[in-house]
Amino acid sequence: MTLLSWSRIVAILKKEFIQMRRDRMTFATMIGIPVMQLIMFGFAVNTDPRHLPTALIDRDHSTFSRSIVKAVENSTFMDIDYRPSHQATAEKLIKEGDVNFIIVIPENFSRDLVRGQRPQILVIADATDPSAASGALNSFDKIVNSGLRRDLSGNLSYLAVGPPLVNVVLQRRYNPAGITQYNIVPGLLGIILAMTMSMMTAVAITRENERGTMENLLAMPVRPLEMMIGKIMPYVLIGYAQVFVVLLAAKFVFNIPLIGSLLLLIAVSTLYIIVNLMFGFLFSTVARTQMQALQLTFFLLMPQILLSGFMFPFLGMPKWAQYIGDALPATYYMRLVRGIVLKGATAVELMSNIWPLVLMMIIIGALAIFRYRQTLD
Amino acid sequence: MMAAEMVIDVRGLTKIFDGRKVVDNFDLRVPKGSVYGFLGPNGSGKTTTIRMVCGLLIPDSGSGSCLGWDVLTQSENIKKKVGYMTQKFSLWEDLTIRENLNFVARVYDVPDLEHRVAETLEHLGLSARAHQLAGSLSGGWKQQLALAACMIHDPELLLLDEPTSGVDPKARREFWDNIHELADRGVTILVSTHYMDEAIQCDYIAYIAYGHKLIDAPYAEIISQVGLYTWRVEGAGLSQIARKLKENPQVEQVTRFGTALHVSGQDEAALQAAIAPWRDNPELHWYQQESGLEEAFIHLMNTTEDNFQ
Ligand SMILES: Nc1ncnc2c1ncn2[C@@H]1O[C@H](COP(=O)(O)OP(=O)(O)OP(=O)(O)O)[C@@H](O)[C@H]1O
Ligand SMILES: [Mg+2]
């Protein structure tokens, strides 16, 4: 072959290798992203969620109710983390997303059981995320009945055979039909904003570096805060447009009802948009080129998709993954949007998810301003 | 430098990049209303020095004032009164000419903005093309636009980093006329350039090489300070003479100027001895003359290269 010159190929090859090595950030992402994905998909992501937090209201206080609790916990599907004495407390827990299930064992449960009257057990499930609820709900009946049978002995052993002892009544809250879109579409809003907002500010600033216009900007009497506000504001408007489009689609395409306050939704969205824009601003103080800015936003985006409760039930993830999730703005926004849209939660009820975003806004904003260089050094 | 008010007065400016002193212990005193030429070979630290003066780079050591404000702590104030034209085009290529000027004027809070921008466009002769994207201008026009933009807020000090590179002769002449007009009105101008015909338009010249200032004097005193002697010869067979002279260690520079040759050296007597073999040739005309700036600066570079590189 005379058409191909080996030395020319080698020349290009060498040049590419040198450039690859120089671009440390790309190099780091090429190694870092697979590692991150391995960890997140391999360990954190759990499509068969277990140990979901559950509130138990035991109005019977009998050996039988204790058998049930034991059986439920042994199944590892649910962890009885709360034992509220009032229904209202339990309702609050499920609305704020602290528990996925409420189990109610009624009064006179054991009396009716012994009489063979098949007493009812009520299981209320937070069905906003249908996949989180399904595993536990599908096997709940069996777990309870076989758990009770095991503990029946002596003169009650006649109950151990025959038809199911209890009647499990399921109540799916917030998304009774178990429609996946109810969960995905509001969550998608958080992901769309996370992706576009931080990317756009980061790119808008690194673009000035790349094109050399930063030198001109820095030579002008522009203060860092003026720069930040000026760079962020236009994208807040774009963020609103995105919120608007998703909400319209949710209502008219997916028929998802908006139960809570639209105003509250807009307010928390504004907060979330600003947090993401500030992340973008912070990235721009680290990245030198637009490419690096994109890589950094991607680095933040991935855990936000996988560990925020968007794709997989948050409470079903291992504890360490939940801790990472706790540091991500999307985690709180997911709960806020789902809480407002599907559960009709109020600002007061959602406070525990609002203040972390406010805190992030302050910390990330301060960090970005602190890191922002007013010189070319 | 008399008791004139100093617009730039910095001492011991030093900038280190990757362990290398790019600007070393640099002093600069620029009197109000003067045109200060800043010369030096590529990579000598001109841009770096200008950036330190206007607060774009923090010096590793040194101190001083610019327009009466501290260069280290009050760059906020300095920036408002300085017009800085970067060496590389740094306006926004995706904005139109008018949008660029509007932006700059707005950032500096220029009063009567619209009028000022229209005036600038008029002056540039770009009124008809105000809607053209700045990125689509030719190189020289970009340069002129950048120059106009950095003057739009009537700065008291202009820092111009090679403002005329790539600009045609007519526009350059207009530029220099403009500079002298501004200086007459009390504006101070520090301008870096590689062109000798521009250097001679300056009131003062500072020459920097390898981060060190080699000379800093009023224009008229430069040549005598450098101490270089030059002979000019006209006639036939110059190429051969040039080749021979270049071999002589006493002759430092041999330069061709059209039909003439300039022969320069530091030692007056040795230079005379070097040219002696051709002095009596009737076909050649020898004159002793004052060395030019270019010769002086090349001499400065030759004598410093060994010390600093
Ligand atoms: N950000 C930087 N990082 C590292 N080195 C730098 C940086 N900026 C400039 N330098 C180095 O500092 C030296 C002086 O550069 P500077 O741009 O000041 O030269 P200059 O006199 O303006 O040259 P020119 O006439 O080519 O414009 C050069 O050797 C350059 O490589
Ligand atoms: Mg330069």
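In the frame of its principal axes, the range A:180-371 has Cα extents of 52, 35, 29 Å, reported largest first.
Of the residues A:I179, B:I58, B:I97, ranked by 1.4 Å probe accessible area with the largest first, the sequence reads B:I58, A:I179, B:I97.
Rolled with a 1.4 Å probe across the full set of protein chains, the surface gives A:I259 an accessible area near 100 Å².
For the chain pair B and A, the interface hides roughly 1800 square angstrom of accessible area in total, found with a 1.4 Å probe.
In chain B, the calculated helix contribution to ellipticity at 222 nm averages -11000 deg cm²/dmol per residue, counting -39,500 (n - 2.57) for every DSSP H run with n ≥ 4. Average accessible surface for chain A: 48 Å² per residue, computed with a 1.4 Å probe over protein heavy atoms with every protein chain in place.
Rounded to the nearest 20, the size of the Cβ-charge dipole of the protein assembly as shown about its Cα centre is 3540 debye, with Lys and Arg at +1 and Asp and Glu at -1. Comparing each chain alone with all protein chains together (probe 1.4 Å, DNA, RNA and ligands left out), the residues of the range B:66-85 losing at least 20 Å² of accessible area are B:E76, B:K79, B:K80, B:Y84.
Along chain B, the exposed loop sites are GluC sites (Glu not before Pro) outside DSSP states H, G, I, E and B with at most 13 other Cβ atoms within 10 Å, and the longest stretch free of them is B:6-282. Note on the protein assembly as shown: percent of Cα-Cα distances in each 10 Å bin, starting at 0 and stopping at the bin with the largest distance, equals 3, 12, 16, 15, 14, 12, 9, 7, 6, 4, 2, 1, 1, 0, 0.
Please compute the length gained on full extension between A:T375 and A:F41, using 0.36 nm multiplied by the number of residues separating them and subtracting their Cα-Cα distance. All intermediate terms of the calculation are to be shown ahead of the outcome.
Working: separation 334, 0.36 × 334 = 120.24 nm, distance 4.16 nm.
Once the chain is fully extended between A:T375 and A:F41, it gains 116.1 nm.
Of the residues B:W176, B:V7, B:L133, the one whose Cα sits farthest toward the positive end of the charge dipole of the protein assembly as shown, with +1 on the Cβ of Lys and Arg and -1 on the Cβ of Asp and Glu, is B:L133. Prolate is the label for chain B, because the ratio a/c of its alpha-carbon gyration tensor axes (a ≥ b ≥ c) is 1.5 or higher and a/b is greater than b/c. Across the options A:M40, A:N74, A:N100, the greatest Cα extent toward the positive end of the charge dipole of the range A:11-143 (unit charges at beta carbon of Lys, Arg, Asp, Glu) belongs to A:M40.
Compared with the dominant principal axis of the Cα atoms in chain B, helix B:97-107 is inclined by about 70°. Can you send over the carbon and sulfur percentage of the accessible area for the range A:52-173, probe radius 1.4 Å, protein chains only? Solvent-exposed carbon and sulfur of the range A:52-173 make up 49 percent of the total. Counting only Cα atoms, the size of chain A along its three principal axes is 90, 60, 37 Å, in decreasing order.
Remark: for residue pairs A:K92/A:K231; B:K46/B:K170; B:K81/B:K213, the C-alpha separation exceeds 29 Å in A:K92/A:K231. Each of B:W176, A:W355, B:W69 has its accessible area taken with a 1.4 Å probe; listed largest first, they run A:W355, B:W69, B:W176. Ordered from largest to smallest accessible area (heavy atoms of protein chains, 1.4 Å probe), the residues B:T164, A:T289 come out as A:T289, B:T164. When the square roots of the Cα gyration tensor eigenvalues are ordered a ≥ b ≥ c, the ratio a/c for the range B:229-290 is under 1.5, which makes its shape rounded.
Which of the pairs B:K32/B:K88; A:K15/B:K246; A:K70/A:K319; B:K15/B:K246; B:K21/B:K80; B:K21/B:K246 have their Cα atoms more than 31 Å apart in this structure? It would help to have the intermediate numbers written out before the result.
On the way: B:K32/B:K88 27 Å; A:K15/B:K246 41 Å; A:K70/A:K319 22 Å; B:K15/B:K246 37 Å; B:K21/B:K80 29 Å; B:K21/B:K246 34 Å.
A:K15/B:K246; B:K15/B:K246; B:K21/B:K246, as the Cα separations exceed 31 Å there.
Charges on Cβ only, +1 for Lys and Arg, -1 for Asp and Glu, centred on the Cα centroid of the protein assembly as shown; of B:I200, B:I78, A:W355, which one is farthest towards the dipole's positive end? Looking along the dipole axis, the top candidate is A:W355.
The values are calculated or read from the model by the stated rules, or taken from the named source; none is laboratory data. Just so we're clear, the structure is a prediction, and the values are computed from it rather than from any experiment. Neighbour counts are summed over all protein chains in view; Cβ atoms, including those assigned to glycine, are modelled from backbone coordinates with ideal geometry. Heads up: the accessible areas ignore ligands, DNA and RNA and are worked out on the full protein's heavy atoms, side chains in. Shrake-Rupley method; radii C 1.70, N 1.55, O 1.52, S 1.80 Å.
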